[in-house]
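Let me begin by presenting the structure, written as structure tokens, before commenting on it.
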Amino acid sequence: MRVAAVTGAGRGIGFAIARMLVRQGTAVVVNDVDGRAAHDAARRLTNTVVVVGDVATEAGARAVVEAAVSEFGGLDVLVANAGFGMMGVEVGDVTAEDWSRVIEGNLTSQFYCVRFAVPVMRRRGGGRIVGISSRAWLGQAGGTPYAAAKGGVVSLMRSLALELAPYGITANSVVPGSIATPALEAMGVGARDALLRAHPMGRFGDPDDVARAVCFLAHPAARRITGQTLYVTGGRNLLLSPGRP
Amino acid sequence: MRAAWIGDVAYRPEGWEWSKFDQDTELLVDATAFRSWPVPPARGSLRWVIFLLTTDWLGAGPDPVLAARSAAAVGLTHSLAALWAGIGTTVNAIAVPRRSDLVTSADVAHALRYFADPLNGYVTGQVLNICGGQTLVAALTA
């Protein structure tokens, strides 16, 4: 049985990823910093174990990997998804604390998880690492720390791909665009409509669209796909005029 | 499912059994013959287009003509993906090394199935390099 760990799996995209992996027969470590969300998610799934904790800390990340080993005997797939956005703040108003918090929550957390996961995967003879980035990595006015963190995710995965290829471990980034999650729903109608107009498909993505991309890259048959950046954006990243919805 | 597969006829690696891919393929044409394509397709009549090309599109290959053809297919992928996003057609590309023992037909078939998945309508304009990381040093791959 394959074993996966999904961080930030309590809701939204992370939950959809965990659910799809479970449906494919994978045992999943469900991690979230929100204990209630993590347990609610796990109750809706089978073959899971819950680890409540903040993977932006070494202890939190270590606990996720250790749970995979102790509960399921190893780790084949790491989906580093946990993170949070920060938009609408001009660079002059970004404090040093803001910067550190966003980088730690969106990028350092992935590094910590990878650092603990790689030795386990090497002992297992291979593995799949998928880092969830964001279309914002291409550049986001009003979101400089978040964009920089998500760009760091792409660079992290590409570097891991080069470094870990000899061990049968692949590392790829999935880049979601605007996905219909509670965070998007929380936007005002006007802002949401303006955002929608920037999408060539005329619709937002579904969390399952992201989950399918992750499962594609996490599959054993994806052994030669590494260092790639897979955009789940409905073509929004193709537009030559970025706009500012 | 109605489907079309536009392949680059310049690339036919010996021993790869494309016919084993279990999708209904109505068309197999050269990217350079694209002017014969019914542009644009009627809404809902064409689910996906997948270009098959070589990683020579990055320009590092020894054959500049093949590099240009492959790069043209990348341009087509991006442009058609944006043009046809509103009519339910996804356009993606798979790039593989021209000569390599590393990548097999099974590796490519996995990606073909993903791009051709009827449920998978939100990924378009993607150029997926299946090369085991060989092309990562090229800036265009990001």
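A few points about this structure:
- Fluctuation leader among A:R11, A:R158, A:R43 - chain A, Gaussian network, Cα springs under 10 angstrom: A:R43
- Sequentially through segment A:171-183, phi angles give Karplus couplings (6.51, -1.76, 1.60; θ = phi - 60°) of 9, 9, 10, 10, 10, x, x, 8, 10, 6, 10, x, 5 Hz, Gly and Pro residues having no value and appearing as x.
- Mean Kyte hydropathy of 0.5 or more with a Cα span along the axis of at least 15 Å, helices from DSSP in chain A: A:12-23, A:58-72, A:144-164, A:207-218
- Cut-off 15 Å (backbone N to label point 7 Å along Cα→Cβ of A:D193), residues of segment B:73-104: none
- Ordering of B:90-98, A:83-91, A:185-193 by packing [mean C-beta count within 10 Å, highest first]: B:90-98, A:83-91, A:185-193
- B:A71-A:V94 pseudo-label distance in nm [points 7 Å out on the Cα-to-Cβ vector]: 3.3
- Sum of -39500 (n - 2.57) over DSSP H runs of 4+, divided by residues of chain A (222 nm, nearest 500): -13500 deg cm²/dmol
- Put in order of Cβ neighbour count within 10 Å, fewest first, the listed residues A:H199, A:H39 become A:H39, A:H199.
- Take the convex hull of the alpha carbons in segment A:3-232; its mean projected area over all directions comes to 12.1 nm².
- With a simple spin-label model that places each label point 7 Å from the Cα along the Cα-to-Cβ direction, the separation between B:R113 and A:R115 comes to 3.7 nm.
- Near-label residues of segment B:94-126 by backbone N, under 11 Å of a point 7 Å along Cα→Cβ of A:R23: B:119
- Computed over segment A:1-160: relative contact order in percent, which uses C-alpha pairs under 8 Å that are six or more apart: 22
- Between the alpha-carbon centres of segment A:23-66 and segment B:97-142 there is a gap of 30 Å.
- Comparing A:A183, A:A218, A:A37 in a Gaussian network model of chain A (Cα springs below 10 Å), the most mobile by mean-square fluctuation is A:A183.
- Taken over the alpha carbons of segment A:172-245 as equal point scatterers, the Debye sum produces base-10 log I(q)/I(0) values at 0.20, 0.26 Å⁻¹ of -0.87, -1.20.
- Close amide H partners of A:A82, meaning residues 5 or more places away or on another chain with modelled amide H under 5 Å apart, are A:T7, A:G8.
- Alpha carbon convex hull of the protein assembly as shown, projected area averaged over orientations, nm²: 19.0
- Only Lys, Arg (+1) and Asp, Glu (-1) charged, at Cβ; chain A dipole about Cα centre in debye: 880
- Footprinting exposure proxy for B:T135, B:T77, A:T95 (fewest neighbouring C-beta atoms within 10 Å first): A:T95, B:T135, B:T77
- Which of A:S173, A:S159, A:S70, A:S134 has the fewest Cβ neighbours within 10 Å, and the rest in rising order: A:S70, A:S159, A:S134, A:S173
- Annotation: amide H of B:G125 within the under-5 Å range of B:V91, B:N92, sequence separation 5 or more or interchain, hydrogens built in the peptide plane.
We did not get these values from a lab; they are worked out from the coordinates using the rules stated. Just so you know, these numbers come straight off a predicted model, no measurement behind them. In this analysis, Cβ positions are derived from the backbone assuming ideal geometry, glycine residues included, and neighbour counts consider all displayed protein chains.
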